1. Starting from the alpha-carbon convex hull of the range 1-160, give the projected area averaged over all orientations, in nm².
2. Mind checking the full-extension length gain between residue 90 and residue 140? Use 0.36 nm per residue of separation minus the Cα-Cα distance, one decimal, nm.
3. Give, rounded to the nearest 20 debye, the magnitude of the charge dipole that the range 1-131 has about its Cα centre when Lys and Arg contribute +1 at Cβ and Asp and Glu contribute -1 at Cβ.
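Rule-based calculations on the coordinates, nothing more; no lab input. The model shown is predicted, which means the values in this text are computed figures rather than measured ones. Ideal geometry is used to build each Cβ from the backbone, glycine not excepted, and the neighbour counts take in all protein chains shown.
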Amino acid sequence: MRVLIAEDQALLREGLARLFEDGGHNIIATVGDARQLLARVDHPPTGEPEPDLVVVDIRMPPTHTTEGIEAALAIKQRHPDVGVLVLSQHIETAHMAELVAEGGFGYLLKDRVLEVGDFLAAAERVAAGGSALDPKVVARLVTPGADGPLSRLSERERDVLALMAEGLSNNAIAQRLVVSDRTVEAHIRHVLTKLDIPDTSDAHRRVLAVLTHVRAATHQP
């Protein structure tokens with residue numbers, strides 16, 4: 001996996017690079033701001049393929065507000081095959097709907113980096129076109145409102161939806177909840193039916209559809 005890292009804190013940038021290298025991946029570049037990130041993705045050195053994965057801090061210089069997330073959105077729009085993994089110190093939802101709908105996108109809180117195995121697995125999943133949302137982010141997204149669409153779901157169905165949103169496969173959900181694969185499949189059918197989302201054999205598209213529907217229906221930013 002070819003990885004490009006954008007992080008303005010030098011120690012964290014070097015730590016991320018070492019983590020990926022130790023995991024057997026190739027760091028093609030590390031940069032310190034969103035401008036350099038976009039330049040490298042849009043205009044790579046002659047003969048160099050685009051990265052499989054871009055890892056970007058949500059807050060980047062010069063204002064440390066939305067530069068990173070805006071760069072992530074630009075990359076997904078201009079280079080849809082590039083996986084983008086956004087890291088953040090806190091939960092922020094700006095542009096989340098657009099990015100989730102693109103696919104090949106992940107959003108993790110920075111403390112997840114300490115769980116090296118899980119972090120690398122999430123990064124690899126995003127690079128392959130899957131999704132990986134931090135459990136704390138998912139918890140905020142799937143908290144039911146009194147009259148929102150999630151109020152139609154049972155507690156177990158919300159558990160399944162949350163694990164789907166994290167990017168877990170049906171088998172991984174079954175293992176996490178200690179139930180059978182068939183039970184998970186039944187819960188997913190019920191979730192899709194109750195949220196008025198057509199079923200599909202494409203699991204990734206199904207997850208993205210659920211998340212996009214939930215965010216739009218609950219008027220989350």
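1. Result: 9.8 nm².
2. Working it through step by step, the gained length comes to 16.8 nm.
3. With Lys and Arg at +1 and Asp and Glu at -1, about 60 debye.
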